[in-house]
Amino acid sequence: MSSPRYTHIVWPLFRIVVGLLFTCHGLSSLFGLFGGKGGTGASVPVGTWPGWYAAVIQLVCGLLVLFGLFTRPAAILASGSMAYAYFTVHQPNGLMPIENGGVTPALYSWTFLLIAAFGAGAWSVDELIAGRRAQVAPAPEVERV
């Protein structure tokens with residue numbers, strides 16, 4: 001049974017929570033916050049491929065998705081980076097995510113693909129910008145006969 005009655009509330013909350021969690025991954029990897037890599041509190045060395053770049057993507061795209069700014073491009077980049085992480089780091093260790101430790105990147109990849117497909121929704125900067133553009137846009141001229 002579908003309940004579109006709550007979609008306008010649940011979808012933005014989903015986007016916000018996913019963006020926040022992804023941001024926390026970036027903060028953890030870059031600055032050792034929240035226990036850092038493996039709980040050691042250590043951060044990824046600057047410029048290290050691919051870890052440092054992945055962490056920057058996590059931080060920036062996580063924040064963009066969290067606030068709903070440039071949501072679709074940020075979600076596409078985040079989805080692709082998680083797919084890359086899955087196929088290069090996890091998939092060589094086994095076929096299924098449950099056996100190769102790749103459940104998190106697989107879920108993030110599909111989650112961000114979903115966000116890219118549906119957009120930011122309510123409570124987003126993207127929606128504010130679209131609303132202002134609609135207010136400023138001149139009404140189309142009607143030809144009189």
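A few remarks follow.
- Filter result for Gly26 (within 30 Å of Leu128 (Cβ to Cβ), buried (at least 16 other Cβ atoms within 10 Å of the Cβ), free of Cβ contacts under 8 Å to residues at least 60 places away in the same chain and small (Gly, Ala, Ser)): yes
- Contact map, region 76-101: first residue on the phi > 0 side of the Ramachandran plot, second residue in a helix (DSSP H, G or I), Cβ cut-off under 6 Å, separation 6 or more or different chains; pairs are Gly94/Asn100; Gly101/His90.
- Hey, Ala78 over 12 Å from the mean Cα position of the chain (by Cα), of a type in the set (A, V, I, L, M), in a helix (DSSP H, G or I) and closer than 18 Å to Gly102 by Cβ or not: no
- Ala130 passes every criterion in (1) of a type outside the set (Asp, Glu); (2) in a helix (DSSP H, G or I); (3) at pLDDT 95 or above apart from (3).
- Any hit, region 13-21, residues being assigned to a helix (DSSP H, G or I), under 25 Å from Ala130 (Cβ atoms), small (Gly, Ala, Ser) and modelled with pLDDT of 95 or more: yes
- Test set (1) out of contact with any Pro (no Cβ under 6 Å at 6 or more places or on another chain); (2) modelled with pLDDT under 95; (3) of a type outside the set (D, E, K, R) - Asn100 fails condition number: (2)
- Among the residues listed as Leu77, Leu63, the single one being within 19 Å of Trp11 (Cα to Cα) and either surrounded by fewer than 20 Cβ atoms within 10 Å (Cβ to Cβ) or of a type outside the set (D, E, K, R) (or both): Leu63
- Residues of region 88-141 satisfying the condition of being in contact with a Ser or Thr (Cβ under 7 Å, 6 or more places away or on another chain) and either farther than 17 Å from Phe22 by Cβ or not aromatic (Phe, Trp, Tyr) (or both): Ser109, Leu113, Ile115, Ala116, Gly119, Ala120, Ser124, Asp126
- Selection status of Gly94, among the small types (Gly, Ala, Ser) and over 10 Å from the mean Cα position of the chain (by Cα): yes
Table: residues versus (1) more than 20 Å from Thr88 (Cα to Cα); (2) β-branched (Val, Ile, Thr); (3) at pLDDT below 95.
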site: Ser28; (1), (2), (3): yes, no, yes
site: Gly32; (1), (2), (3): yes, no, yes
site: Gly38; (1), (2), (3): no, no, yes
site: Ser43; (1), (2), (3): yes, no, yes
site: Thr48; (1), (2), (3): no, yes, yes
site: Tyr53; (1), (2), (3): no, no, no
site: Val56; (1), (2), (3): no, yes, no
site: Leu64; (1), (2), (3): yes, no, no
site: Phe67; (1), (2), (3): yes, no, no
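- Counted residues, region 100-127 - those being surrounded by fewer than 16 Cβ atoms within 10 Å (Cβ to Cβ) and in a loop (DSSP other than H, G, I, E, B): 2
The values are calculated or read from the model by the stated rules, or taken from the named source; none is laboratory data. All values derive from a computational prediction rather than experimental measurement. For neighbour counting, all protein chains shown are included, and Cβ atoms are generated from backbone atoms with ideal geometry for every residue, glycine included.
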